[in-house]
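Notes for the one structure printed next.
Laboratory data are not the source of any read-out in this text; all were calculated from the coordinates shown. All values reported here derive from a predicted model rather than from experimental measurement. Note: ideal-geometry Cβ built from the backbone for every residue, glycine included; neighbour counts use all protein chains shown.
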Amino acid sequence: MTLLNKFRMIWVCPIVLIALIHCVEKTTAISVMSIDFGTEWMKVAIVSPGVPMEIALNKESKRKTPVAVAFRDGERTFGEDALTIGVRFPKQCYVYLLDLLGKKVDNPVVKLFQERFPYYDIVPDPTRGTVIFQHDAETQFSVEELVAMMLKKAQEMAVISAGQAITEAVITVPGYFNQAERKAMLQAADLAGINVLQLINDYTAVALNYGIFRRKDFNESAQYIMLYDMGASSTTAAVISYQVVKTKEKGFVENHPQLSILGVGYDRTLGGLEMQLRLRDYLAKKFNDLKKTPNDVFKNPRAMAKLFKEAGRLKTVLSANADHFAQVEGLIDEVDFRLQVTRDEFEKLCSDLFERAKTPVLNALKTSGLSLDLVSQVILVGAGTRVPAVQEKLVSLVGSELGKNLNTDEAAVLGAVYKAADLSAGFKVKKFITKDGVIFPIQVTFERETEAGPKLVKRTLFGSMNPYPQKKVLTFNKYLTDFEFNVGYGELDLEEKEIQNLGSLHLSKVSLSGVAKAIAKHQSPKAEIKGIKAHFFMDESGLLKLSNVELVVEKTISEGDLNAAEESPLSKLGNTISKLFTSNSEEAPKEEKAKEEEKPVQEEKEEAKDSEKKEEKPADSNKTAESGEKDDKKPKETEPPKPKAVLLKENITSKEESFILSDLNPAQLEEARSKLAKLNAIDEERRKRESTLNALESFVFETQNRLDTDEYVSAISPEERDNMKAAVSKVSDWLDEESMGSTAEVLSEKLKNLQKLTEAWFARVAEHRERPEALSALNTMLNGSRNFLVNIKNLTIQQAETPQGSVFTTVELETLEKTIKDTGDWMDKVVDEQKKIPLWDNPKLTVKMISDKMASLDREVQYLVTKAKIWKPKPVEEKPKEVPVNNGTENNATEEVVVENGEKSKAQDKSESVTIDKDSDEPNATKPEDQSEKVSDEEKHSEL
């Protein structure tokens with residue numbers, strides 16, 4: 001056993017004195033989120049380092065949050081808390097906001113909203129004509145502001161879940177959202193401080209979530225499915241194709257799965273909300289028929305809000321049960337209401353709605369150009385599809401079982417967060433290409449002068465179900481002066497009512513100026529005007545943008561003119577500067593070389609062929625070098641350069657005037673930001689106050705309980721206890737009577753005063769509680785140290801007799817012995833002193849003092865243990881051996897017995913037994929004894 005192992009067995013520290021603190025360095029990786037902003041519910045998902053696609057929970061630890069924001073008594077609440085306020089004060093709780101985004105007050109959808117919820121006071125925006133809620137005489141809220149509040153709440157949930165700041169998001173929108181509605185959602189996200197990576201259609205997000213877990217099932221052949229989504233306010237059916245396509249983005253061909261939206265059908269007003277409203281009205285009618293009160297329940301907003309909430313619960317229960325009781329306590333005039341409703345009655349109320357459930361499917365198939373037999377499966381999405389009558393209608397149409405293998409609540413938000421991770425720079429995901437489709441075709445109209453007069457010309461820019469993102473270029477080749485054109489929706493295969501829901505069909509008017517000037521600039525016999533090209537781009541969010549407008553001219557010029565025309569101003573400047581430092585003879589070859597480098601590819605190929613022909617001709621052997629030089633001096637006949645056609649582009653100034661929803665002007669934007677910032681500050685102050693109030697109430701309650709606990713009573717004097725009771729009771733009474741309007745600062749000050757008052761008392765209790773364990777640990781350490789001292793003393797005595805010497809010195813052993821003795825004496829003394837004083841006095845023996853003594857003793861022991869680890873034995877000095885005396889007879893061989901490892905052996909030769917001194921000069925002298933001694937030293941060293 002080595003010396004170090006002996007020390008390890010001798011010294012075993014009974015208590016770990018040094019706590020290991022693991023400092024986790026926070027990563028700076030950027031997390032992203034997705035928000036599935038629905039009509040009734042909102043879901044949030046995040047992707048952060050180490051957390052792939054996780055649902056962010058709200059404060060109630062639920063996975064989805066109602067889209068509701070309420071204002072009451074100067075406080076703003078969200079979700080379930082807002083709905084609770086909405087039952088009592090329906091006008092102060094705003095719900096179903098998605099349907100109002102990007103719409104003017106005269107829109108039929110807004111009119112339907114007012115019919116459903118007549119208690120809201122809606123006024124038009126004076127400049128934009130959009131919906132404004134008149135909250136009270138002084139306060140107004142736009143739809144964008146209310147949606148921004150909900151988006152900000154979603155961001156808070158994501159930040160809490162991820163543990164770091166999140167500013168980037170992908171937000172889902174209904175596929176039927178037009179240009180105005182999409183712009184309004186982006187405006188709301190901007191007010192919330194969220195950078196929108198993309199607006200993704202809800203069915204596209206669901207299709208992506210469906211595909212990423214089945215990517216191995218796809219191949220080059222297209223597979224078709226249909227997603228049927230019935231939500232709270234709308235129903236959508238989408239035909240999707242999946243197949244593997246070849247892409248070349250990084251310089252080489254790759255295979256990636258791709259989903260394409262082929263066809264979409266929708267019903268903007270068909271959903272669970274309409275069913276719930278019909279149940280509400282049915283319950284209200286039944287209550288009025290009972291004649292329990294003279295008041296009409298339809299004219300009482302609070303009673304209707306209670307019935308609306310109960311109708312929602314009843315609708316959910318009837319999806320799984322044949323009948324159920326609807327009951328509301330104190331519906332109106334303190335009269336309770338209870339009524340049994342059967343599923344058959346509910347289906348009769350909504351029979352026309354269930355018939356409309358088939359229409360989106362038929363429209364989706366029509367726009368996709370596919371028949372139903374090519375669709376492998378119809379998959380249900382959305383809470384409305386849980387209604388049995390809806391499923392029956394779909395089964396009768398499809399003729400097969402419906403797919404129910406998707407999470408109807410979370411499929412969209414999880415697909416959107418996968419897209420967010422793909423778009424973010426901080427994450428790398430497996431590529432999955434998405435190609436969405438244009439639902440509303442877009443066309444350009446302009447007037448053209450003819451012999452019969454002005455003629456309106458229409459040009460389709462994006463046809464129905466054209467994939468996007470995509471760029472389109474429209475060429476105007478008949479205009480020589482300034483003109484204008486209009487952008488709007490094309491031929492819509494929709495019902496007249498739905499066309500009215502879209503609002504204005506004219507999107508924008510584009511006015512071009514400087515056309516004649518640009519044409520005159522390039523007017524020449526060798527130039528041909530190719531027209532004015534307008535570049536349009538529909539981005540990933542489905543927003544149409546006019547990128548730029550330019551005049552394109554094809555000009556025929558010679559090779560020299562081409563080089564001069566293509567020479568950049570920087571190269572011209574470089575040539576000018578170079579002329580100052582070079583002669584004409586040096587400059588000419590450089591110019592010629594530059595011209596050669598700028599030759600077109602076709603001309604280079606022709607010259608290469610000519611040079612090959614010249615090389616194939618046999619060389620004339622009679623030619624001399626002199627004749628060759630003469631030939632070089634003769635002028636060569638060169639063909640004139642062929643004219644080349646180049647395209648020249650000149651930007652045209654364009655001014656776009658929007659006919660749909662205009663953005664908030666700077667004044668409105670600043671006002672909205674200021675309003676939201678004040679509300680956020682109020683909410684933060686309220687949260688801080690609630691947190692401090694809870695802490696103060698908990699401390700008061702805990703202190704009152706401790707004043708009656710034996711452990712705490714023994715550590716406080718009777719007089720101090722009476723004072724403590726009075727102080728705590730005073731704060732408790734203040735909390736019950738006067739704390740209602742107090743601020744967080746006042747509550748925090750009272751909490752600090754109580755903590756300061758009880759600090760010494762609680763510290764004494766902690767000392768009395770922890771002292772026995774600490775003393776036991778110190779006593780165990782003393783015993784271990786004494787055993788350690790005894791063992792190393794014995795070891796030192798043994799080593800003193802060896803030539804290697806001792807590990808420890810006498811001073812070190814005496815120092816450790818003195819430390820052990822002083823620590824033991826100190827412990828006996830302070831323990832006796834502590835026993836003599838009452839428990840409510842300040843302790844003379846603290847856990848900190850014990851810990852310091854343990855640390856001092858441990859330091860001495862660890863020093864000796866560390867020394868043993870690095871100690872090396874002293875080298876042993878070799879003594880010269882005497883050489884045997886020869887009596888003059890060389891052949892007289894002497895025998896010497898050498899003992900090695902306990903065995904005897906005879907030297908074979910006299911010379912082998914001769915030991916040479918270190919100062920010997922004989923080169924061939926051998927020292928077997930020295931070698932054996934060296935081995936012995938190494939063995940000893942290895943043992944140590």
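Label positions at GLU528 and LYS430, each projected 7 Å from the Cα along the C-beta direction, are separated by 5.2 nm. Taking other residues whose beta carbon is less than 14 angstrom from the beta carbon of ASP333, and scoring Lys, Arg as +1 and Asp, Glu as -1, yields +1. Between ALA766 and ASN753, the distance separating the two model label sites (each 7 Å from Cα on the Cα→Cβ line) works out to 2.4 nm.
Computed from the C-beta positions of LEU402 and ILE499, the FRET efficiency with R₀ = 41 Å rounds to 0.85. Annotation: the residues ILE499, ILE652, ILE30, ILE792, sorted from fewest to most other C-beta atoms within 10 Å of their own C-beta, follow the order ILE499, ILE30, ILE652, ILE792.
Taking other C-beta atoms within 10 Å as the exposure proxy, LYS435, LYS848 rank LYS848, LYS435 from fewest upward.
Structure note, pairs LYS62/LYS183; LYS104/LYS497; LYS43/LYS471; LYS455/LYS509; LYS43/LYS675: Cα-Cα distances above 23 angstrom occur for LYS62/LYS183; LYS43/LYS471; LYS43/LYS675.
Classify segment 438-559 as rounded, prolate or oblate, taking a ≥ b ≥ c as the square roots of the eigenvalues of its Cα gyration tensor: rounded when a/c is under 1.5, otherwise prolate if a/b is larger than b/c and oblate if not. Verdict is prolate for segment 438-559.
Taking a point 7 Å from the Cα of ASP710 along the Cα-to-Cβ direction, the residues of segment 765-784 with backbone N closer than 16 Å to it are 769. Under the simplified labelling scheme, the ASP336-GLU491 pair shows an inter-label distance of 6.4 nm, with each label point 7 Å from Cα along Cα→Cβ. How much net charge surrounds ALA148 when only the other residues with a Cβ under 11 Å from the Cβ of ALA148 are counted, with Lys and Arg +1 and Asp and Glu -1? Cβ neighbours under 11 Å give a net charge of +1.
Neighbours of GLU720 by Cβ distance under 12 Å: Lys/Arg scored +1, Asp/Glu scored -1, total 0.
Around the Cα centre of segment 273-356, unit charges on the Cβ atoms of Lys, Arg, Asp and Glu (plus for the first two, minus for the last two) sum to a dipole of about 180 debye. Which FRET efficiency value, to the nearest 0.05, do you get for GLU650 and VAL457 by plugging their Cβ-Cβ distance into 1/(1 + (r/R0)^6) with R0 = 25 Å? Approximately 0.60, to the nearest 0.05.
By the beta-carbon count within 10 Å of each Cβ, the least crowded to most crowded order of LEU747, LEU151, fewest first, is LEU747, LEU151. Here r is the Cβ-Cβ distance between GLU554 and LEU362 and R0 is 45 Å; the resulting FRET efficiency, rounded to 0.05, is 0.35. Determine the shape class of segment 372-449: with a ≥ b ≥ c the square roots of the Cα gyration tensor eigenvalues, call it rounded for a/c under 1.5, and otherwise prolate if a/b is greater than b/c, oblate otherwise. Oblate is the answer for segment 372-449, as a/c is 1.5 or above yet b/c matches or exceeds a/b. Stretching GLU80 away from ARG313 to a fully extended chain increases their span by 82.5 nm, per 0.36 nm per residue minus the current alpha-carbon distance. Give me the distance between the Cα centres of segment 373-404 and segment 62-109, rounded to whole Å. Here the answer is 32 Å between Cα centres. Checking every one of the GluC sites (Glu not before Pro) in segment 312-370 against DSSP loop status and a limit of 13 other Cβ atoms within 10 Å picks out GLU334.
Taking the Cα centre of segment 438-559 as origin and assigning +1 to Lys and Arg Cβ atoms and -1 to Asp and Glu Cβ atoms, the resulting dipole is close to 500 debye.
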